[in-house]
Amino acid sequence: MKTILFQGDSITDADRSYVDDNKRGLGYPQLVTARLGFDEPGKYTFINRGISGNRIVDIYARIKKDIINLNPSVMSILIGVNDVWHEINYQNGIETPKFELLYSMLIEEVKAACPECKIMILEPFVLRGTATEENWEGFLNGVKEKAAASKRVAEKYGLEFIPLQDDLDALCEKAPQPYWLWDGVHPNPAAHELIARKWMNTYEKIK
């Protein structure tokens, strides 16, 4: 049985249970679980270890317990917005060079410990909204930097990179921004569906 691990911050967490791995939250991990679980019953174990508020340094700090010890066959990571947000609100963010360094260290250690694991990196994203409006330029530029760094890490290690920002920008031409990200950061159901579809499309290439 293959283990699929979803790793990230609140966007991945999506109100998951921290004590029951069968309660994977209300976001894209649950949508992926539903589809793969239906298409190929009994083939996968699905684990969501996203934690609200996490930055890249937080994921790296729990690499042993929440990644390596789980020995995933497939892992996706969506991280970056809090590395910007925490700097804006608390002066405790992660500068882009350190973000990229820690991300690289994380990938190297996972690949060494779990050499068969297939890793997908999702692009962090942001829209103008209630949480981002006051410091919009800081959010926009900061998340763009983290997105570019995430892509460089994916390219460096030959990993699949899943772009999301352009898709969300295009969707805002169909419906107002809050329809997709209710506060400019956190997805509503339709945006979780976007992430799930792009996750599935990428997984089809590597499974």
Pairs with Cβ under 6 Å, 6+ apart, first in segment 62-75 and in contact (Cβ under 8 Å) with a residue 24 or more places away in the chain, second hydroxyl-bearing (Ser, Thr, Tyr):
Pro72/Thr3; Ser73/Thr3
Checked pairs for segment 151-166, first under 11 Å from Glu123 (Cα atoms) and surrounded by fewer than 19 Cβ atoms within 10 Å (Cβ to Cβ), second among the polar types (S, T, N, Q) and at pLDDT 95 or above, C-beta under 6 Å and 6 or more apart or across chains, list as Glu160/Thr202
Could you list, in sequence order, the residues of segment 150-191 that are of a type in the set (D, E, K, R), assigned to a helix (DSSP H, G or I) and in contact with a helix residue (DSSP H, G or I) (Cβ under 9 Å, 6 or more places away or on another chain)?
Arg152, Lys156, Asp167
Is one or more of the residues making up segment 127-149 surrounded by 15 or more Cβ atoms within 10 Å (Cβ to Cβ), of a type in the set (Val, Ile, Thr) and outside any helix (DSSP H, G or I)?
yes
Take the residues in segment 60-117 that are among the polar types (S, T, N, Q), closer than 24 Å to Ile47 by Cβ and within 18 Å of the chain's Cα centre (by Cα); name whichever of them is surrounded by the fewest Cβ atoms within 10 Å (Cβ to Cβ).
Ser104
Against the condition in a helix (DSSP H, G or I), within 18 Å of Ile4 (Cα to Cα), touching a residue at least 24 places away in the same chain (Cβ under 8 Å) and touching a Phe, Trp or Tyr at 6+ places or on another chain (Cβ under 7 Å), how does Ile195 come out, does it pass?
yes
Taking segment 102-150 and keeping residues free of Cβ contacts under 8 Å to residues at least 12 places away in the same chain and in contact with a Gly (Cβ under 9 Å, 6 or more places away or on another chain) leaves Trp136
Just give me the residues in segment 167-207 being over 20 Å from Thr130 (Cβ atoms), over 15 Å from the mean Cα position of the chain (by Cα) and crowded, with 17+ Cβ neighbours inside 10 Å, in sequence order.
Asp167
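The values are calculated or read from the model by the stated rules, or taken from the named source; none is laboratory data. Please read all numbers here as calculations on a predicted model, not as lab measurements. Glycine gets a Cβ as well: all are built from the backbone with ideal geometry, and neighbour counts include every protein chain shown.
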